[in-house]
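The values are calculated or read from the model by the stated rules, or taken from the named source; none is laboratory data. For clarity, every value in this text was computed on a predicted model and none was experimentally measured. The accessibility values were calculated without ligands, DNA or RNA, using every heavy atom of the protein model including side chains. Shrake-Rupley method; radii C 1.70, N 1.55, O 1.52, S 1.80 Å.
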Amino acid sequence: MKDAASRYAAITAVVRLGPDLWLNLQKRYDLERAEQELGEKINAIPTLEVAVL
């Protein structure tokens, strides 16, 4: 019972931080996964250098 109560308290504390926290965590995870899967392909795309006058 004590374990369930402490887990509930921990979850409640995190939920109080709001949906922005969850969305930011998901976004960070998604970006890291995309970088792992597509990083080499993205880096292989040629880029243009802008001349500074």
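The string of couplings for the stretch 40-53 from the Karplus curve (6.51, -1.76, 1.60, θ = phi - 60°) is 5, 5, 5, 5, 7, 6, x, 10, 9, 9, 8, 7, 9, 8 Hz, one whole number per residue in order, with x for Gly and Pro. With all protein chains in place and ligands, DNA and RNA left out, the 1.4 Å accessible area ranks ARG33, ARG7 as ARG7, ARG33, largest first.
For the chain, give the percent of accessible area contributed by carbon and sulfur heavy atoms, probe 1.4 Å, rounded to a whole number.
Details: 3480 of 5630 Å².
Carbon-and-sulfur percentage of accessible area, whole number: 62.
Radius of gyration (Cα atoms) of the chain, expressed as a multiple of 2.2 N^0.38 Å: 2.07.
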